[in-house]
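Please treat every number below as a calculation from the coordinates, not as lab data. Please read all numbers here as calculations on a predicted model, not as lab measurements. Cβ placement follows ideal geometry from the backbone for every residue including glycine, while neighbour counts extend to all protein chains displayed.
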Protein chains: 2
Amino acid sequence: MDYCFYCADDEKRKSLMIEIIKLDFSTIYLNKDQSHLGRVVVKYNDHKTEYFQLTEEERNGFFKELAIASQAIYNLYKPNKLNYATFGDLVPHIHVHLVPKYKDKLNWGSAFDDSLEKQFLLEADYNKMIAEIKDEIEKLTK
Amino acid sequence: MDYCFYCADDEKRKSLMIEIIKLDFSTIYLNKDQSHLGRVVVKYNDHKTEYFQLTEEERNGFFKELAIASQAIYNLYKPNKLNYATFGDLVPHIHVHLVPKYKDKLNWGSAFDDSLEKQFLLEADYNKMIAEIKDEIEKLTK
């Protein structure tokens, strides 16, 4: 298998996102770029690259956890719409960018754009978000 | 409910895509813009706007059909990667843009870009694609 930063779980992965919680089928990360408040990544735990490679159990489990993550972000940050995107041409390990969109704010009405200036937070602010997202996901998975 | 072109199933919807097949939970449309060969839309049949609004049965059924559609497109056109995206800030009815990406071709390695010049086909070519995609999906749903 080619190098995969999700599987290596190395500095490259850590430079982009911070682990919030590992669930049965997926791991939820807080995106360091918080230009879209509440943006997270939902990564499938094993190295699969297309949805159709998942067994029924894996697919049902993964999308259940994606729905839980999206519900948690919605409950906490009240976006007007959530965007869900799996690209991965260069990083094919299945992961979903879960991007909250706010009416009349950044990229509203168009695809989110990762070429714009990024918005990084202070460590204390990341930690607050991680704690509240983790808490909300744990409530929803009970 | 606000106007929704998927629910209205009107000229606006028909200007963008052509119905291929209606399944139990979703309808698959061929995107008229075929800049990315094999691009389709997988629409949830009822008007829901976020994944977490689906019941377990609806979610499992929808993502099963999305996996079938992606397998069909993969089998027919052999992309190097499929991209899957639900945006919908302005058209919130759940739908996934299933966009095949080809190495070193349009938008490879970045998000697909709908602002570029579109590539429309002759009716006979749409009809050929619709027939082959429908046939492949029917094989996979048996």
Explain nothing, just compute: Karplus ³J(HN,Hα) = 6.51 cos²θ - 1.76 cosθ + 1.60, θ = phi - 60°, for every residue of segment A:52-67 in order, whole Hz, x for Gly and Pro. 6, 7, 7, 6, 4, 5, 5, 5, 4, x, 5, 6, 5, 5, 4, 5
Between segment A:18-65 and segment B:33-87, the alpha-carbon center distance in angstrom: 17 Å
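Work out the FRET efficiency for B:Asp24 and A:Glu123 from their Cβ-Cβ distance, taking R0 = 41 Å, and round it to the nearest 0.05. Don't skip to the end; give the middle numbers.
Values: r = 48 Å, r/R0 = 1.16.
About 0.30, to the nearest 0.05.
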For chain A, averaging the sequence separation of alpha carbon pairs under 8 Å that lie six or more residues apart and dividing by its residue count, the contact order in percent is 26 percent
Taking every residue of B:105-111, the Cβ atoms of other protein chains inside 10 Å of its Cβ average out to 3
Find every distance from the label point of A:Asp114 to the corresponding label point in the other copies (7 Å from Cα along Cα→Cβ) and write them in nm, one decimal, shortest first. 1.9
So if I take the alpha carbon set of chain A, get Rg, then get Rh from the Kirkwood formula, what is the Rg over Rh ratio? 0.94
Rounded to whole Hz, the Karplus (6.51, -1.76, 1.60) HN-Hα couplings of segment B:72-80, x for glycine and proline: 4, 5, 5, 4, 7, 10, 6, x, 7
Cut-off is 10 Å between beta-carbons; in what order do A:Met1, B:Met17 appear when sorted fewest neighbours first? A:Met1, B:Met17
Using modelled amide H (1.01 Å from N, peptide plane; none on Pro or chain starts), what sits under 5 Å from the amide H of A:Val40, excluding residues fewer than 5 places away? A:Asn31, A:Leu98
Which lysines have a Cα lying under 16 Å from the Cα of A:Lys101, excluding residues fewer than 8 positions away in the same chain? A:Lys78, A:Lys81, A:Lys118
Under the convention of a label 7 Å out along Cα→Cβ, give the distances in nm from B:Asp46 to the same position in every other copy, shortest first. 3.2
The long-range amide H neighbours of B:Lys48, using H built 1.01 Å from N in the peptide plane and a cut-off of under 5 Å, are B:Ile94
What trypsin sites (Lys or Arg not before Pro) in segment B:81-128 are in a loop by DSSP, with at most 16 other Cβ atoms within 10 Å of the Cβ? B:Lys103, B:Lys105, B:Lys118
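Fewest first, what order do B:Arg59, A:Arg13 take by the number of other Cβ atoms within 10 Å?
By the 10 Å Cβ count, ascending, the order reads A:Arg13, B:Arg59.
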Test of understanding: ordering B:Phe63, A:Phe25 by Cβ neighbours within 10 Å, fewest first, what list do you get? A:Phe25, B:Phe63
Defining the label point at 7 Å along Cα→Cβ, can you sort the distances from B:Lys134 to the same site in each other copy, shortest first, in nm? 5.3
